[in-house]
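Undergrad: Input: one structure, supplied below.
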Amino acid sequence: MKRLLDVLREDLRLTGTKEGCGEGECGSCSVRMNGELVNSCLVPVLQAEGARIKTVEGLATKGELHPLQKAFLNCGGAQCGICTPGMLMAATQLLAINPHPSMADIREGLAGNLCRCTGFIRIFESVIAAVALDKGHSAEQAAGAR
Ligand code: FES
Ligand code: FES
């Protein structure tokens, strides 16, 4: 009955996932479980048996930050860092479903995640910047493949 959050942080030492409220209100502990966004503080680990879990540690590939991580750094979307992993996972979820979100879509997609430091505008702008960064990256890849 241990919480998924505790297994990630204490047993697996994946401390990127943060605990804020511990009761499903803040989204700091968000991870993706079988492609769905969940609050890991509310998931008994037995419910995760056999599931594919993605945490913030899984966003960077081959030592390169994910476009969302780069954009959060560049646009001031991250300060104390407590909410940031959850925001990143919620934004990843959003972009998986909707690769070209409007500002309204971003607000809705991140509505379950609270930030006490930056206010939300820089976070929303970071997601917009990440979409632009990703488009540029894809265009570069396409040009390289030609
Ligand atoms: S710590 Fe899980 S939602 Fe706040
Ligand atoms: S950066 Fe501190 S809570 Fe969001």
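Undergrad: Based on what the data block shows, is Gln69 modelled with pLDDT of 95 or more, out of contact with any Phe, Trp or Tyr (no Cβ under 9 Å at 6 or more places or on another chain), within 16 Å of ligand 2 (Cβ to nearest atom) and not hydrophobic (A, V, I, L, M, F, W, C)? Step through it out loud before you land on a result.
TA: Values: modelled with pLDDT of 95 or more: yes; out of contact with any Phe, Trp or Tyr (no Cβ under 9 Å at 6 or more places or on another chain): yes; within 16 Å of ligand 2 (Cβ to nearest atom): yes; not hydrophobic (A, V, I, L, M, F, W, C): yes.
Yes; evaluated as a whole, the condition is true for this residue.
Undergrad: Right, something else. Here are the criteria: (1) farther than 30 Å from Arg3 by Cα; (2) in contact with a Phe, Trp or Tyr (Cβ under 9 Å, 6 or more places away or on another chain); (3) surrounded by 13 or more Cβ atoms within 10 Å (Cβ to Cβ). Tell me which single one Glu125 does not satisfy.
TA: So Glu125 meets the others, but not (2).
Undergrad: Condition first: within 20 Å of Arg116 (Cα to Cα), within 15 Å of ligand 2 (Cβ to nearest atom) and open to solvent by 70 Å² or more (accessible area, probe 1.4 Å). Can you find one or more residues in the range 54-65 that meet it?
TA: no
Undergrad: Then there's this: Would you tally the residues in the range 1-44 being within 13 Å of ligand 1 (Cβ to nearest atom) and in a loop (DSSP other than H, G, I, E, B)?
TA: 14
Undergrad: Give the residue that is farthest from ligand 2 (Cβ to nearest atom), with candidates limited to residues of the range 2-39 that are more than 23 Å from Ala111 (Cα to Cα), of a type in the set (A, V, I, L, M, F, W, C) and open to solvent by 40 Å² or more (accessible area, probe 1.4 Å).
TA: Leu12
Undergrad: Would you confirm whether or not the range 80-87 contains a residue that is more than 20 Å from Glu10 (Cα to Cα) and away from ligand 2 (no atom under 16 Å from the Cβ)?
TA: Looking through the range 80-87, none of the residues is more than 20 Å from Glu10 (Cα to Cα) and away from ligand 2 (no atom under 16 Å from the Cβ).
Undergrad: Another question, then. Looking at the range 1-33, which of its residues are polar (S, T, N, Q) and free of Cβ contacts under 8 Å to residues at least 24 places away in the same chain? Break it down into steps so the answer makes sense when it comes.
TA: If we filter the range 1-33 for residues that are polar (S, T, N, Q), which is where we start, we get 15, 17, 28, 30.
Matches in the range 1-33: Thr15 only.
Undergrad: Could you list, in sequence order, the residues of the range 79-110 that are open to solvent by 70 Å² or more (accessible area, probe 1.4 Å) and either of a type in the set (Gly, Ala, Ser) or within 16 Å of ligand 1 (Cβ to nearest atom) (or both)?
TA: Within the range 79-110, Cys80 is the sole residue that qualifies.
Undergrad: So, of the residues in the range 54-65 that are free of Cβ contacts under 8 Å to residues at least 40 places away in the same chain and assigned to a loop (DSSP other than H, G, I, E, B), which turns out to be nearest to ligand 1 (Cβ to nearest atom)? Step through it out loud before you land on a result.
TA: Here is the first cut: in the range 54-65, the ones free of Cβ contacts under 8 Å to residues at least 40 places away in the same chain are 54, 58-65.
If we keep only those that are assigned to a loop (DSSP other than H, G, I, E, B) too, we end up with 59-60, 62-63, 65.
Working: Leu59: 19, Ala60: 23, Lys62: 30, Gly63: 29, Leu65: 24 Å.
Here the answer is Leu59.
The values are calculated or read from the model by the stated rules, or taken from the named source; none is laboratory data. Bear in mind that the values here come from a model prediction, so they are computed numbers and not experimental data. FYI the Cβ positions are ideal-geometry reconstructions off the backbone, even for glycines, and counts take in every protein chain you see. Accessible surface is based on the protein model in full, side chains and every heavy atom, while ligands, DNA and RNA are left aside. Shrake-Rupley method; radii C 1.70, N 1.55, O 1.52, S 1.80 Å.
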